[in-house]
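The values are calculated or read from the model by the stated rules, or taken from the named source; none is laboratory data. Every value quoted in this text rests on a predicted model; they were computed, and no experiment measured them. Cβ: placed from backbone, ideal geometry, glycine included. Neighbour counts: every protein chain shown. Ligands, DNA and RNA are excluded from the accessible area calculation, which covers all protein heavy atoms including side chains. Shrake-Rupley method; radii C 1.70, N 1.55, O 1.52, S 1.80 Å.
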Amino acid sequence: MIIDTHAHYDDKAFDEDREELFLQFSGNGLEKGVNASATVESLERTLQLTKQYPVVYGMLGIHPDEIGALTKEHMDWMRIHAADPKIVAIGEIGLDYHWNVESKEVQKHWFKEQIALAKEVGLPICVHSRDAAADTLALIKEENAAEAGGVIHCFSYGVEIAREYLALGFYFGIGGVVTFKNGRKCKEVVEMLPLDRIVLETDAPYLAPEPYRGKRNESAYLSYVATEIAAMKGLTTEQVIEATRENAYRVYPKLKN
Ligand code: NI
């Protein structure tokens, strides 16, 4: 059974058929899914979804493009609700120098604060990093984020940076990009990564794998990602699904709740 470790089911793209998708989970070979918060509005929404649907877990955190709206009150709210049995991580948090919606200094400030929160509440982190390889790695090291551990989500850098995160004990979120014809960098990383550090993730509604590229993504499409990884590593799809499922439980222990 597949675990989708990172999706945005609260997105309006799922307003029409969200419940239907969750009810079809087991029929589609899906065990559980983790809703990743990104905006301040999605914090409450994520918690609601975990309470409403047995297959949905959640992570609480604010995406670097959205941190302009983050306040101390939101941090206090996250601190309280991080104790909820179905909140498995603090995320998605990080740095995004591609869009640069907020200044680098503001992004770094809140990334540090949210790492500190994760360590305080004893949860792993889920990291978003785009066009910010050096600063993300430096900050992760400075703040000793390895103590919290977690996943580098939608890993978009090369093999050398991947080795650094491997050495720090982090896991790698792999999704649709590995199936893209122009996804060579991602394929190289996956070839190098040991299977016991890979978790499957959709980032739905974004980044649908081939043959659905460009369409709305959903957790059921992760079988295409598993098949691609299996082909690259000379394994069966089932072996990849089983290994990544175990990895998900190891990196996010509260998924067992
Ligand atoms: Ni995401």
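Return yes when LYS141 is away from the ligand (no atom under 16 Å from the Cβ), part of a helix (DSSP H, G or I) and among the charged types (D, E, K, R) and no when it is not. Before you say what the answer is, go through the steps one by one.
Details: away from the ligand (no atom under 16 Å from the Cβ): yes; part of a helix (DSSP H, G or I): yes; among the charged types (D, E, K, R): yes.
Against the criterion (away from the ligand (no atom under 16 Å from the Cβ), part of a helix (DSSP H, G or I) and among the charged types (D, E, K, R)), LYS141 qualifies.
Going by what's in this entry, would ARG79 be described as open to solvent by 10 Å² or more (accessible area, probe 1.4 Å), part of a helix (DSSP H, G or I), within 15 Å of the ligand (Cβ to nearest atom) and farther than 15 Å from ASP203 by Cβ? Step through it out loud before you land on a result.
Values: open to solvent by 10 Å² or more (accessible area, probe 1.4 Å): yes; part of a helix (DSSP H, G or I): yes; within 15 Å of the ligand (Cβ to nearest atom): no; farther than 15 Å from ASP203 by Cβ: yes.
No; evaluated as a whole, the condition is false for this residue.
Condition first: outside any strand (DSSP E or B) and either within 13 Å of ALA118 (Cα to Cα) or in contact with a Leu (Cβ under 8 Å, 6 or more places away or on another chain) (or both). Now tell me which residues in segment 144-167 satisfy that.
Residues of segment 144-167 outside any strand (DSSP E or B): 144-149, 153-167.
Matches in segment 144-167: ASN144, ALA145, ALA146, GLU147, ALA148, GLY149, CYS154, ILE161, ALA162, GLU164, TYR165, LEU166.
Kindly indicate which of ALA134, ALA204 is out of contact with any His (no Cβ under 6 Å at 6 or more places or on another chain) and over 30 Å from GLY27 (Cα atoms).
Numbers: ALA204 fails: over 30 Å from GLY27 (Cα atoms).
Residue meeting the stated conditions: ALA134.
Answer yes if at least one residue in segment 43-50 is more than 25 Å from ARG130 (Cα to Cα), open to solvent by less than 50 Å² (accessible area, probe 1.4 Å), among the hydroxyl-bearing types (Ser, Thr, Tyr) and modelled with pLDDT of 95 or more, and no otherwise.
The answer is yes; a qualifying residue exists.
Output the residue which, of all residues in segment 196-247 that are over 16 Å from the mean Cα position of the chain (by Cα) and of a type in the set (S, T, N, Q), is farthest from HIS6 (Cα to Cα).
THR236
Since GLU102 meets every condition but one in (1) assigned to a helix (DSSP H, G or I); (2) touching an Asp or Glu at 6+ places or on another chain (Cβ under 8 Å); (3) more than 16 Å from the ligand (Cβ to nearest atom), which condition does it not meet?
(1)
Going through segment 63-76 one residue at a time, which ones are out of contact with any helix residue (DSSP H, G or I) (no Cβ under 7 Å at 6 or more places or on another chain) and closer than 16 Å to ASP203 by Cβ?
Result: HIS63, ASP65, GLU66.
Name the single residue, out of those in segment 144-174 being within 16 Å of the ligand (Cβ to nearest atom) and on the phi > 0 side of the Ramachandran plot, that is modelled with the lowest pLDDT.
My answer is CYS154.
Please specify each residue of segment 9-37 satisfying the condition of being open to solvent by less than 20 Å² (accessible area, probe 1.4 Å) and free of Cβ contacts under 8 Å to residues at least 60 places away in the same chain.
Here is the first cut: in segment 9-37, the residues open to solvent by less than 20 Å² (accessible area, probe 1.4 Å) are 9, 14, 22, 25, 30, 33-37.
Within segment 9-37, PHE22, ASN35, SER37 meet the criteria.
Is there a residue in segment 80-91 that is in contact (Cβ under 8 Å) with a residue 24 or more places away in the chain, within 22 Å of LEU139 (Cα to Cα) and not β-branched (Val, Ile, Thr)?
The answer is yes; a qualifying residue exists.
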